[in-house]
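Q: Here it is, the structure, as structure tokens.
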Amino acid sequence: MAPFNVDGHIEQRYKIISHIGSGAYGVVWCALDRQTSKLVALKKVFDAFGNQQDAQRTYREVMLLSALHHGSIIRLTNIIRSVNDADLYLAFELAETDLSTILHHNVLLPVHRQYLAYQVVKIVAYLHSRGVLHRDLKPANIFVNSDCSIKLGDFGLARCAQGQGEDVFRDLTGYVATRWYRAPELLVNSANYTTAVDIWAVGCIIYELLTSSPLFMGRSTLHQLSLIIGALGEPTTADLESLGSNEILSLMDASPAIESHPLQENLREHDPNAVDLICKLVVFSPNKRLTARGALRHPYFAPFFTEKDIEELDKAEVISLPLPDEKNFAVAEYREALYEVILRSFSSACVLPEK
């Protein structure tokens, strides 16, 4: 039995098998698609149109997943309206496990870790070439199949890189798992950040792939900043200014005593190429971080990289949403735009509730 209510018309199409997880925005089940006889991840988004911010977040996730067709991105297979017109159901292809679970069991060989890191960088480079920031990269959002191929998921916080404004990361201070992968500019509430926020997270993930342990496990924003500075050293005035936040100096003054644990010392026993790459990604100033394209060419990925990787990025077109990110629209506009997507792209597979 599902731990949350499922609309009757949903149960006609999907048989709930087990509960995968739940959070502030919804619940996810493993379900059997009765039409295709395939297992899917069925996500119920609670109150998807409850306010302007929630409606925009839901709209972004659906529209971006509909536009991003890539073998390393979880595929959205269906969108279904709820009876109450408030919730929304999303069906995704089901992956076998996630990177967080794999790292917990510590079963990967060095070549597996290297190949997984390469795939993470490659898909992030693709997103950035399409003008998309993921903004919530972490092992739990990277799904892995038995052939060691990855599928990037959870685009609930993704957005287009153009038109930066007030950011939803400001609502996530209680999400400890996300904090560990959050770049310094996000920790200090900078409103003008770039794709470099994803690069920082990628560096943290590659460190975790190497060591099977998270790099920065801060208990609070201040603690997270102190851990970062302890590993990277005291930032220069230029580094602090590059974050683009008025809060950084007061946060620095309020942060606890910083104990030095240089990043390189924690990695002395690991592949020097991997260490060099991490040290070029996990950099305090966003302007000094390697880009995803640059990371693909790093010697650590020499066994896998080909020029075709770059050629594919060059062919990618920047995504432009019909309701652009730089402007706020009414809840009803986001809802109607999504319902049009359902009718246009998922009508043959979608079971609509009776009115």
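No lab work stands behind these numbers, since they all come straight from the coordinates. Values in this document were obtained by computation on a predicted structure and should not be read as measured data. As a convention, Cβ positions derive from the backbone with ideal geometry for all residues, glycine included, and neighbour counts pool all protein chains shown.
Q: If you find the alpha carbon centre of the stretch 41-74 and of the stretch 80-99, how far apart are they in angstrom?
A: 9
Q: Can you compute the equivalent ellipsoid semi-axes for the stretch 97-315, i.e. the square root of 5 times each eigenvalue of the Cα gyration tensor, sorted largest first and rounded to whole Å? List each step's numbers first, then the result.
A: Details: eigenvalues 135, 82, 56 Å².
Those come to 26, 20, 17 Å.
Q: Is there a pair in K38/K122; K122/K280; K38/K138; K151/K315; K122/K151; K44/K122 whose C-alpha atoms are over 18 Å apart, and which pairs would that be? Before the final figure, lay out each step's value.
A: On the way: K38/K122 28 Å; K122/K280 16 Å; K38/K138 27 Å; K151/K315 21 Å; K122/K151 12 Å; K44/K122 30 Å.
Going by Cα-Cα distance, K38/K122; K38/K138; K151/K315; K44/K122 fall outside the 18 Å limit.
Q: May I ask what percent, to the nearest 5, of DSSP beta bridges between residues of the chain are antiparallel?
A: Values: 34 of 35 bridges.
Given both bridge residues lie in the chain, the antiparallel proportion sits at roughly 95 percent.
Q: Can you find, among C279, L343, A183, the residue sitting farthest towards the positive end of the charge dipole of the chain, where Lys and Arg contribute +1 and Asp and Glu -1 at Cβ?
A: Going by the charge dipole, the pick is L343.
Q: Right, another one. 222 nm [θ] for the chain, helices only, -39500 (n - 2.57) per DSSP H run of 4+, per residue, to 500?
A: Working: 15 runs with 141 residues, N = 355.
Calculated mean residue ellipticity at 222 nm is -11500 deg cm²/dmol.
Q: Taking springs between alpha-carbon atoms closer than 10 angstrom, which of R60, R81, R34 fluctuates most in the Gaussian network model of the chain?
A: Evaluated over the chain, the most mobile residue of the options is R34.
Q: Same structure, new question: Can you tell me which of I342, I17, I142 moves the most in a GNM of the chain? Springs connect C-alpha atoms under 10 Å apart.
A: I17
Q: When Rg is the radius of gyration of the Cα atoms in the stretch 1-143 and Rh is its Kirkwood radius, what does Rg/Rh come to?
A: Numbers: Rg = 16.3 Å, Rh = 16.6 Å.
Ratio of gyration radius to Kirkwood radius: 0.98.
Q: Please arrange V341, V318 by how many other C-beta atoms lie within 10 Å of their C-beta, fewest to most.
A: Numbers: V341 17, V318 12.
The order, fewest Cβ neighbours first, is V318, V341.
Q: Follow-up. List the relative contact order of the chain as a percent without decimals, with contacts defined as Cα pairs under 8 Å and 6+ residues apart. Before the final figure, lay out each step's value.
A: On the way: 562 pairs, mean separation 68.7, N = 355.
Over the chain, the number comes to 19 percent.
Q: Using the charge dipole of the stretch 97-315 (Lys, Arg: +1 at Cβ; Asp, Glu: -1 at Cβ; taken about the Cα centre), state which of V121, A161, S149 has its Cα farthest towards the positive end.
A: S149
Q: For the stretch 7-91, what does the alpha-carbon gyration tensor say about shape, rounded, prolate or oblate, given a ≥ b ≥ c as the root eigenvalues, a/c under 1.5 as rounded, and a/b over b/c as prolate?
A: Values: a/c = 1.73, a/b = 1.17, b/c = 1.47.
Verdict is oblate for the stretch 7-91.
Q: How far apart, in nm, are the 7 Å Cα→Cβ label points at E93 and H70?
A: Inter-label distance under the simple model: 1.4 nm.
Q: Still on this structure, please answer the following. Which of the helices in the chain, when you take each full DSSP H run, stretch at least 15 Å along the axis at their Cα atoms and have an average Kyte-Doolittle score of -1.0 or higher? Numbers along the way, then the final one.
A: On the way: long enough: 52-67 (22 Å, -0.75); 110-129 (29 Å, 0.22); 196-211 (23 Å, 1.58); 221-232 (16 Å, 1.45); 331-345 (21 Å, 0.08).
The qualifying helices are 52-67, 110-129, 196-211, 221-232, 331-345.
Q: Straight-line reach from K43: which aspartates and glutamates have Cα under 17 Å away, leaving out those fewer than 8 places along the same chain?
A: By straight Cα distance, K43 reaches D7, E11, D33, D54, E61, D85, D87, E93, E96, D98, D154.
Q: Taking the Cα centre as origin and putting +1 on Lys and Arg beta-carbons and -1 on Asp and Glu beta-carbons, what dipole magnitude results for the chain, to the nearest 20 debye?
A: On the way: 33 positive and 42 negative charges, 141 e Å.
The dipole magnitude comes to about 680 debye.
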